[in-house]
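A.B. asks: First, the structure itself, so that you have it in front of you.
The values are calculated or read from the model by the stated rules, or taken from the named source; none is laboratory data. This is a predicted model, so every value here is computed, not measured. Cβ coordinates were reconstructed from backbone atoms using ideal geometry, including for glycine residues, and neighbour counts include every protein chain displayed. Areas reflect the complete protein model, heavy atoms only, side chains present, ligands, DNA and RNA absent. Shrake-Rupley method; radii C 1.70, N 1.55, O 1.52, S 1.80 Å.
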Amino acid sequence: MNKINNLSKTVLVIAGSDPSGGAGIQADLKTLTSLSVYGMTAITALTEQNTNGVSDIFEIPLDFVVKQINCCLSDIHINAVKIGMLHSAELILAVYEALNDNNILSKKDINIVLDPVMVAKGGHKLLKENAVDALKNFIYKVHPVLTPNIPEAEILTGMKINNLTDMKNVGKEIIKLGASHVILKGGHMETPVMTDLYIDDSEIYSIETKKILTNHTHGTGCTMASALSAFLAKSFNVKSSFVNAHKYVNNAIKTSPKFGIGNGPINHCHNINEFIV
Ligand code: PXL
């Protein structure tokens, strides 16, 4: 017997495009779909990239990013927002104003996940250096669920991370910057066991996993944030969403399809059953 999947929850993704399909908007939509959540997108930038890295960026004009946000929000209800690549201070402000004008920021039941994307794996800057203050201002005003990796957490706080204690301290500092919750991803640590942290204003919870030795991890950050937004959209609390999203990403890394000659994508479809007619 076929099980019919009734879609009811939706997420608006505000992020950049990765034509090679492993990161950005493409990863977000695959993740949301595989977790049975309806994704909508406002594209902030087109990147020229493949598994070897980003070689160019075309910024979508601000007014057109705002138009994409407005046309979605004026039509279809949303349960969560996922924000990725925001490239400039002007865009960060425009996105804030668009969410505010559409009364999204005052709705307590709509979680906003902000992945503070700064640098692509090959080193290409996805956020201009002079935009970090604007991003901190956004965090202060919006109180998002923030999902930094270690380099991003260091830039946001000006603190250095060398070990797990540093990670915990930096995470608590990011709560002081205004994030409601921090999911601090430990993948950049050179240790055999990798720790990802959940931090709120009263608790630190960690998930440890054996580091998977692979270079097929392109788009794990985007995927983690969109998986979180999917579970939040389904009304899981932030901690349970973290546990579920972590499991989803871990299994996606373990089953990566090994595409491309560089840093390949992960398997966003690992949880989808074969289509049986
Ligand atoms: O993972 C960071 C990221 C976010 N958004 C886009 C990207 C990347 C990394 O390459 O291309 C569009």
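A.B. asks: To the nearest 20 debye, what charge dipole does the chain have about its Cα centre, counting +1 at the Cβ of each Lys and Arg and -1 at the Cβ of each Asp and Glu?
C.D. replies: That gives the chain a dipole magnitude of about 760 debye.
A.B. asks: Follow-up. Just to be sure I understand: if I project the alpha-carbon convex hull of segment 151-277 onto a plane and average over all orientations, what area do I get in nm²?
C.D. replies: 9.2 nm²
A.B. asks: For Asp133 and Thr191 in the same chain, what is the full-extension length gain: residue separation times 0.36 nm, less their Cα-Cα distance, in nm?
C.D. replies: Additional length available on full extension: 17.8 nm.
A.B. asks: Sticking with this structure for a sec: With a sphere of radius 10 Å drawn around the Cβ of Ala225, what net charge do the other residues whose Cβ falls strictly inside it have (Lys, Arg +1; Asp, Glu -1)?
C.D. replies: So the environment of Ala225 carries a net charge of 0.
A.B. asks: Continuing with the same structure: Once segment 139-182 is represented by equal point scatterers at the alpha-carbon sites, with solvent omitted, what log10 I(q)/I(0) does the Debye formula produce at q = 0.28 Å⁻¹?
C.D. replies: The calculated log intensity ratios at q = 0.28 Å⁻¹ are -0.98.
A.B. asks: For the chain, give the share of DSSP beta bridges that are antiparallel, in percent and rounded to the nearest 5; count only bridges with both residues there.
C.D. replies: 45 percent
A.B. asks: For segment 63-161, what does the convex hull of the Cα positions come to per residue, in cubic angstrom?
C.D. replies: Details: hull volume 10.5 nm³, N = 99.
Cα-based convex hull of segment 63-161, divided per residue, equals 106 Å³.
A.B. asks: Give me the one-decimal Kirkwood hydrodynamic radius in Å for segment 216-277, with the sum taken over alpha-carbon pairs.
C.D. replies: The answer is 12.3 Å.
A.B. asks: To continue, here is another question. Rounded to the nearest whole Å², what accessible area per residue is found for the chain with the 1.4 Å probe?
C.D. replies: In whole numbers, the chain has 48 Å² accessible per residue.
A.B. asks: Separate question: Can you give the Rg to Rh ratio for segment 180-252, taking only C-alpha atoms and Rh from Kirkwood?
C.D. replies: 0.96
A.B. asks: Continuing with the same structure: Based on the Kirkwood radius over alpha-carbon pairs, what is the Stokes-Einstein translational diffusion coefficient of segment 1-123 at 37 °C with 0.692 mPa s viscosity, in µm²/s?
C.D. replies: 217 µm²/s
A.B. asks: Next question. Kirkwood Rh and Cα-based Rg: tell me the resulting Rg over Rh for the chain, rounded to two decimals.
C.D. replies: When Rh is taken as the Kirkwood radius, the ratio is 0.94.
A.B. asks: Just going by the charge dipole of the chain, with Lys and Arg at +1 and Asp and Glu at -1 on Cβ, which of Met159, Asn271, Ile57 is farthest out on the positive end?
C.D. replies: Asn271
A.B. asks: Considering amide H positions built from the backbone, and no H for Pro or chain starts, which residues 5 or more places from Val54, or on another chain, come under 5 Å of its amide H?
C.D. replies: Gly122, His124
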